[in-house]
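Readers should treat all values here as calculations from the given coordinates under stated rules, not as data from a laboratory. Everything numeric here is computed off the predicted structure, so don't read it as measured data. Every residue, glycine among them, receives a Cβ derived from its backbone with ideal geometry; neighbour counts consider all protein chains shown.
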Amino acid sequence: MDSDHALELMNQLLWNSMLIAGPVLITALLVGLVVSVVQVATQLQEATLSYVPKLLACAFVLALLGPWLIGRLCAYAVAMIALIPQLG
């Protein structure tokens with residue numbers, strides 16, 4: 001295996017990890033931002049208040065996109081396992 005092939009595999013790994021983790025992380029970021037703005041506007045500075053909306057939003061995104069995320073992860077894993085004989 002040459003360095004170009006290894007870099008391509010690393011590129012695929014990083015791209016798939018971004019696609020799999022990205023929707024949940026972006027959702028948590030946006031919900032946290034909205035909750036923080038509401039907390040500043042209402043002067044309600046409770047640290048634990050932001051956890052429940054983030055948890056619910058992330059659970060909703062995982063329920064909505066879960067089959068696609070698992071399919072993407074499984075397809076990548078199958079592709080990597082299929083490459084094992086060619087690497088030696």
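For this structure, a couple of remarks:
- Take every Cα pair under 8 Å whose residues are at least 6 apart in sequence, average their separation, divide by the length of region 3-87, and the relative contact order is 37 percent.
- Least to most buried among Val38, Val78, Val24 (fewest other Cβ within 10 Å first): Val78, Val38, Val24
- Neighbour-count ranking [beta-carbon atoms within 10 angstrom, fewest first] of Cys58, Cys74: Cys74, Cys58
- Between helix 51-87 and the chain: long-axis angle, C-alpha atoms, 0 to 90°, nearest 10: 10
- Three-way shape label, region 1-52, alpha-carbon gyration tensor, a/c 1.5: prolate
- Between Leu13 and Cys74, the modelled label-to-label distance comes to 2.3 nm, taking each label 7 Å out from Cα in the direction of the beta carbon.
- Calculated [θ] (222 nm, deg cm²/dmol) that DSSP helices of n ≥ 4 give over the chain, each run adding -39,500 (n - 2.57): -32500 deg cm²/dmol
- Zone residues, region 57-88, relative to His5, backbone N less than 20 Å from point 7 Å out along Cα-to-Cβ: 76-88
- R0 of 35 Å, Cβ-Cβ distance Val37-Ala82: FRET efficiency to nearest 0.05: 0.15
- Listed options for Kirkwood radius over Cα pairs in Å are (i) 15.6; (ii) 12.7; (iii) 13.3. The value calculated from this structure is the one marked (i).
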